[in-house]
Every structure is written in structure tokens, then in C-alpha cells.
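The values are calculated or read from the model by the stated rules, or taken from the named source; none is laboratory data. Because the structure is predicted, anything quoted here is derived from the model rather than measured. Glycine gets a Cβ as well: all are built from the backbone with ideal geometry, and neighbour counts include every protein chain shown. What goes into the accessible areas is simple: the full protein's heavy atoms, side chains included, and nothing from ligands, DNA or RNA. Shrake-Rupley method; radii C 1.70, N 1.55, O 1.52, S 1.80 Å.
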Amino acid sequence: AATSNGVALCALGAAAAAAASAGLAARRPAAGARGSNKYLVAVSAFESERGVQEPVGFWDPLGLSASGDLTAFKRRRTVELKHGRIAMLATMGYITPELTGKFPGYLSSSANLKFADVPNGLAAISKVPALGWAQIVAYGGFCELSAGSDDWKTGTPGDYGFKVLTSSDPAEKENKLSAELANGRLAMMAIIGMFFQDGLTGSAWGDWALYTASPLRSLKSDPGFNTLPEWDRPKNGFEGLVGDQPPLGLWDPLGFTKDRNVETFKRRREIELKHGRVAMFATIGYITPEYFKWPGYLSPSADLKFVEVPNGLKALSVLPTAGIAQFFAFIGFLELYYNKSYGEPGNYGKGLFGLGSLGVSASVADPKSRDKKLRAEVSNGRLAMMAIIGMFFQDGLTGSAWGDWALYT
């Protein structure tokens, strides 16, 4: 039954879902949710603070404000503002030299180093003299120490008396301060992206053709996403096989196929197909019981009816031990004895949908039709693997197979 398949697969993800349920920080509860935990206190204390804005609202996935400590919140807001301001300057420091050029003259006359000789981005680190770095650190220290740290202690994080970009109008001032916070957050993400792009490609603006160590360079990407010219796209011997299809082509970000070992590739493909097939059954096993359950008894000896078995992870606490043992025994029988490989990954000689096990001839003779069905199976299996993991997490965090997030307090 679909219920049984879903229950069996739930066992495999229960531990991960339970761990995630305990480990992830509490989120903002849905409208109408009630609870007495610390996070609800924190939300009531901080959800009107600056920075609580669309689209994510009060965004604190790590639960740093769960204690409700106002002083700690103000100190963290100061740190956030400082990092945001530095990131905005750093981002502009990446962009400006590319657009406006560089200062004329010498950066260091004693080292005969002109501004124009300093490359943009991370490559500049090797060019700036040690004395120059000392000046930068000294100036940063001066700004940090001279401004003091009373801003967050007095309840005005980030306010050091510099009023050039603010306003005397309260509404306009609030708008500008909110914009500063949002822009700082964006800049922190932007500068980290620039660092990675620069570090991986050796270029401040990231010509990805220079990133020769990329595991994606050994693959055939869809032309819509490919940054390399057609003649410069390396091959690895597995392009064109089932699973190599748009939009990602042969997707192997960890470079498992780099060794070009055919037997290893076939073994991994067989594992992928098995996992995909099990995940498809498990996904259907979550959905079907919401609409239909078998009549009668699952276990007459335990006086347990099918309708009494809850859907999802909760079924594990109801299902008899002998029932779980039967699942493992049946899976072991299929894995160790019944399914014999026919040389092609995932082909056990049972025909379409395994109907050959019932004595029904169900082979697909047309090569094009067979290839299309095999590709569909791989794609649907990949989707189902993502889907069932999402269902496990949703169930584990909310206590409901279909995830009423108001229950995730």
C-alpha cells in the first residue's frame, strides 16, 4: 500500500528531521500563533525596530534575539551598521576604479609605485607597501577608538554625530536610516561575492573562463548558462547519456566523473536510480493517505486499523515492530536476491514499471520512446528526492505531515 511505502521511508529521514527540529532556531510565528517561549517575547520586543522590513520582516534565523536582551540587541545592531558601512565603501572601492580610472601620480614615491600600477581587487594586496597597510590599520583604529562605544549603550546604534546624510524631518530621517541598513546588508553580500569571484578567477570582475579549477569545466553545460565558447568546453566522456539534459546538462558540481571511470559511473547511476525510485514511492506514500486509506486492519493482533495510522513521521510510533521488520526483510529480499543486474544501471529485467514481475510483458521496443521514458524517470526521481527530504523536514519541524507552520513555535 502507498501508506506502507511512506511509513517505511519515513524511518530513513526521521533522525535528520528530528535533529533539524531541535537544532534550527525558532522563526517568526504565523499570524494567530500563540506560545510562551522566549522567541515570542523577543519578537514583541524587537519587531518594531528599524531593519524589520519587507520581504522577510523580523529576520533572525539563528535566534540571536531569543533572549530578549535589549542591550545585546543594540550592540549587535551597532556591529551590523559598522560592517554594512565598511562593505558599502569596499563595494564602491571595487567598482569605482573600473569606471572612473585611478588617481594620477604616485601612491608611494619611495617605492616608485603609481596608483595606476596597483591592480583592482585582491591582487592589490601584494602591491601595497607594508607602511601603507600600517596606515590603513592605524586610521581604522583611530576611527574605532575615537568614536567610542556609547552609541549602543545610549540606545542609538551607529550614531557618532556625523549628520551629513541625515535629515531634521523625523519621517525622512527614518527612511534614510532604514535605507542605510538595507543597503549595508546588500553590500555585505555583494563584497563577499566579489571576493569569491576575484579569488576564484584572479580577476576583480570574474572572467569565469579563467577559473580552470572549476569542477563545472569538466561538464557540458546548457548554452543558456555557459560562459565558455563552444570550442573551449572540455568533455569528460559521459555527455549525452541519460541524465545529461537541459537546463543543467551533465550536472556534477563535485567532479565525481572527472576520473572517467565507466564502472564507477554506472555504479553511481544505479544508486541514483534506486534512491529516485524509493523517493518517488515515499512521496506518493505521503500524499495518497490524505485521500485514501485501506479499509480493515493493519494488524488484527494489535487491534490496529489502517485508518488509525497517522500520516508521516508519527506513523513510526504506531506501527508494530513486526511490521517494520517486514519492511526491512522485503527490501533485503529485493536488494540481495531478486533484483539481478542486466548490465545497464537500474535494469533488472522486469520491464516497464517492473510489470515483468507479474508475468506481464512490458518492454519498450522503440529506442526513442525508451530513451524518453528513462530520462523522465531520472528527472522525476531527482525531483522526488528533493521533495521527500522537504516533507521530512516540514513534518519534523511542525509535527504535521503537511506542515502547518503556525505549529512551529
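Please determine whether any residue of segment 128-135 is among the polar types (S, T, N, Q) and either under 30 Å from the mean Cα position of the chain (by Cα) or modelled with pLDDT under 85 (or both). No, there is no match, as no residue in segment 128-135 is among the polar types (S, T, N, Q) and either under 30 Å from the mean Cα position of the chain (by Cα) or modelled with pLDDT under 85 (or both). Among the residues of segment 289-305, none is identified as at pLDDT 90 or above and in a helix (DSSP H, G or I).
Scan segment 238-266 for residues that are outside any loop (DSSP other than H, G, I, E, B) and closer than 21 Å to Gly346 by Cα and jot them down.
Gln245, Gly249, Phe256, Thr257, Val262, Glu263, Thr264, Phe265, Lys266, listed by residue number.
Mind checking whether some residue in segment 156-166 is without any contact (Cβ under 8 Å) to a residue 60 or more places away in the chain, within 32 Å of the chain's Cα centre (by Cα) and either on the phi > 0 side of the Ramachandran plot or loosely packed, with under 13 Cβ neighbours inside 10 Å (or both)? Steps first, please.
Keep residues of segment 156-166 that are without any contact (Cβ under 8 Å) to a residue 60 or more places away in the chain, which gives 156, 159-166.
Restricting the remaining residues to those that are within 32 Å of the chain's Cα centre (by Cα) gives none.
Taking every residue of segment 156-166 in turn, none turns out to be without any contact (Cβ under 8 Å) to a residue 60 or more places away in the chain, within 32 Å of the chain's Cα centre (by Cα) and either on the phi > 0 side of the Ramachandran plot or loosely packed, with under 13 Cβ neighbours inside 10 Å (or both).
Quick one: which residue in Leu81, Leu89, Leu62 is modelled with pLDDT of 50 or more, open to solvent by 40 Å² or more (accessible area, probe 1.4 Å) and not in a loop (DSSP other than H, G, I, E, B)? Steps first, answer last, please.
Values: Leu81 fails: open to solvent by 40 Å² or more (accessible area, probe 1.4 Å); Leu62 fails: not in a loop (DSSP other than H, G, I, E, B).
Unique residue meeting the criteria: Leu89.
Take the residues of segment 167-204 that are small (Gly, Ala, Ser), at pLDDT 85 or above and surrounded by 12 or more Cβ atoms within 10 Å (Cβ to Cβ): which is nearest to the chain's Cα centre (by Cα)? Full working, then the answer.
Start the filter on segment 167-204 by keeping residues that are small (Gly, Ala, Ser), which leaves 167-168, 171, 178-179, 182, 184, 187, 190, 193, 199, 202-204.
Checking the rest, the ones that are also at pLDDT 85 or above come to 171, 178-179, 182, 184, 187, 190, 193.
Right, trim to surrounded by 12 or more Cβ atoms within 10 Å (Cβ to Cβ) and you get 178-179, 182, 184, 187, 190, 193.
Values: Ser178: 27, Ala179: 27, Ala182: 22, Gly184: 22, Ala187: 20, Ala190: 18, Gly193: 16 Å.
Here the answer is Gly193.
Taken over segment 302-312, residues that are within 24 Å of Gly396 (Cα to Cα), hydrophobic (A, V, I, L, M, F, W, C) and open to solvent by 30 Å² or more (accessible area, probe 1.4 Å) amount to 2. Inspection of segment 118-130 identifies no residue that is among the hydrophobic types (A, V, I, L, M, F, W, C), within 30 Å of Lys176 (Cα to Cα) and surrounded by 10 or more Cβ atoms within 10 Å (Cβ to Cβ). Restricting attention to segment 315-324, which residues are in contact (Cβ under 8 Å) with a residue 24 or more places away in the chain and surrounded by fewer than 16 Cβ atoms within 10 Å (Cβ to Cβ)? If the condition is that a residue be in contact (Cβ under 8 Å) with a residue 24 or more places away in the chain and surrounded by fewer than 16 Cβ atoms within 10 Å (Cβ to Cβ), then Leu316, Ile324 are the ones that fit. In the condition set (1) surrounded by 16 or more Cβ atoms within 10 Å (Cβ to Cβ); (2) more than 24 Å from the chain's Cα centre (by Cα); (3) farther than 23 Å from Gly390 by Cα; (4) of a type in the set (A, V, I, L, M, F, W, C), Phe281 is compliant with all but (3).
Scanning segment 325-384 for residues that are touching a residue at least 40 places away in the same chain (Cβ under 8 Å), of a type in the set (Ser, Thr, Tyr) and not in a helix (DSSP H, G or I) returns a single hit, Ser341. Considering only residues that are more than 30 Å from the chain's Cα centre (by Cα) and of a type in the set (Lys, Arg), which ones fall in segment 284-331? Listed by number, the residues that qualify are Lys293, Lys305.
Among the residues of segment 284-301, those that are farther than 21 Å from Ala384 by Cα and loosely packed, with under 15 Cβ neighbours inside 10 Å comprise Pro295, Gly296, Tyr297, Pro300, Ser301.
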